[in-house]
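A quick write-up on the structure given underneath.
A short reminder: the numbers here are calculations on the coordinates, not readings from a lab. Remember, predicted model here, so these are calculated numbers, not experimental data. We place every Cβ from the backbone using ideal geometry, glycine too, and count neighbours over all the protein chains shown.
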Amino acid sequence: MNKKASIFHWIPLFLIGAFTFFIIMSHSVDVSVKEKGEWQTTFLQDFVYQGEQDLHNLDQNAGIVLRKSVLQLAARGGYYEDSPCGKTFGLNKLGLNCFPEVSQEFGLTFNELFKGDTFDVSIEGQEVRGKGKKMLNVTSLNPQYNMAIYEFPQNFHVLLGYSFNEYEVLKSELLEILQKCNQNNDLNACLDQHKKVNWKYTDCGSNQFKVEGRTVPFCVKGSKILSEFGNGADVEYKFAVDFP
Amino acid sequence: MRLFKDKKGFLDDMMDFIFMTVLLVLGLILIGGVLYFNVSDNKDVTMEKINFVDTTRTHLFFLNTATNLNGVQTTMQDLILYAFNKNNPNLFEAKTKGFFNKYDLEGAVEVYNAQDYIQKKDYKMSFSNRFISSGETESVLQLVNPTNKNVPLITVVFKKNE
């Protein structure tokens, strides 16, 4: 054999030996396949996904409390506490100078009922958004990322299926009957003539006319909202009106 | 024969060269195959994780989709709770089918009592429009069920075919 060509014998032999060595070692050592973008996919799965679950739970809990708040606020005539015009028949008085700032009153009612963080509540049509003061933290059980914390604001966004514009409608109807029946001697007849069909006296079920001086209690039936039992519950606005 | 007789070492070198070339080609095929399948497996693992996150996103969208229940505007998750508590799988199936048709999805949704899910028991309600159950990704979320003291939590499993 040509001595110069002898190297060609050794190179293939070396390659075969290396290949055999690799096959033997790969059986005893785990040669795992790592995904591309390991950090990014781990971040999505361990942190973002967990965060989305936490926010989903918050949305659900907030939704339950929001619906209770709608019913409670309506039962108080739109006020979180007492009306500045006082109370009669145990109901808040509404009038020309006494009508609640609904978004503010609703936020106060919600924060009273919701156990946990305090939220800045804002209303957009039939949707309610809440901006939390605290941050939510997510950590990973993966030992490679156990020092990492994913932090995000604790906000919720819920489709309520109820429009707060009903308060604007209520206000315009209230002003209308105040204008028509103010200083009218026969209050009952005047109100029977001018009040809307969904305006009931005293109680939405009984519709029994009551008066104390010139103050009359009303119950106005609004739209339906989902109750906690999954049925449609009427939003009932309960308040008293003074006809001086 | 005369040619080979004169070039005695030539044949040896030529055979060595051919042998080496064949081995190198085989070696390159081996390396190429390893790299190709490795990249393919890498991609598969990455896509698996991305599909999981995408399925969860679709699952959340499904639960928050607006729908109508008893004349009230609400979301699918409220409808699922209602259908579960009132034992009305037909309502659940009809609304879920509407969602899948609207967004042209193929998959399944199963609703369990959370305890039954942990114990690997059967679901209470389900919907499926898939013909083949392979190549699907699964997302699992829980819903709070405040009105039912016997079943305070329900598990909704969302399966999407890729």
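Tabulated data for the structure shown
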quantity: Cα-centre dipole for the protein assembly as shown with unit charges at Cβ (Lys and Arg positive, Asp and Glu negative), debye to 20; calculated: 560
quantity: In the range A:85-116, trypsin sites (Lys or Arg not before Pro) in a DSSP loop with at most 11 other beta-carbon atoms within 10 Å; calculated: A:115
quantity: 32 Å Cα-Cα threshold exceeded, pairs from A:133/B:43; A:115/B:49; A:131/A:224; calculated: A:133/B:43; A:115/B:49
quantity: Chain A: calculated mean residue ellipticity at 222 nm from DSSP helix runs of at least 4, using -39500 (n - 2.57); calculated: -12000 deg cm²/dmol
quantity: Helical segments meeting 30 Å axial Cα length and Kyte-Doolittle 0.5 threshold in chain A (DSSP H); calculated: A:7-28
quantity: Size-normalised alpha-carbon gyration radius of chain B, reference 2.2 N^0.38 Å; calculated: 1.96
quantity: Partners for residue A:221 among lysines (Cα-Cα distance below 26 Å; same-chain residues under 8 apart left out); calculated: A:68, A:87, A:93, A:171, A:180, A:195, A:196, A:200, A:210, A:238
quantity: Dipole of chain A, positive end: most advanced residue of A:197, A:92, A:123 [Cβ charges, Cα centre]; calculated: A:123
quantity: Low-density loop positions, chymotrypsin sites (Phe, Trp or Tyr not before Pro), the range B:104-153 - DSSP coil, at most 15 other Cβ in 10 Å; calculated: B:131
quantity: 0 to 90° range, to nearest 10: angle between helix B:8-64 axis and chain B longest Cα axis; calculated: 10
quantity: Distance between modelled label sites at residue B:48 and residue A:126, nm, 7 Å Cα→Cβ extension; calculated: 4.2
quantity: For residues of B:43-49, the mean tally of beta carbons on other chains within 10 Å; calculated: 5
quantity: Residue-averaged beta-carbon neighbours from other chains (10 angstrom radius) around A:152-165; calculated: 2
quantity: Scattering profile of the protein assembly as shown at q = 0.06, 0.09 Å⁻¹ [log10 I(q)/I(0), Debye over alpha-carbon scatterers]; calculated: -0.45, -0.74
quantity: Relative contact order (%) - criterion: Cα under 8 Å, at least six apart; region: chain B; calculated: 19
quantity: Computed helical MRE - 222 nm, chain B, DSSP H runs ≥ 4 contributing -39500 (n - 2.57), nearest 500; calculated: -19000 deg cm²/dmol
quantity: With Cα atoms, 0 to 90° folded angle of helix B:89-102 axis to chain B main axis; calculated: 50
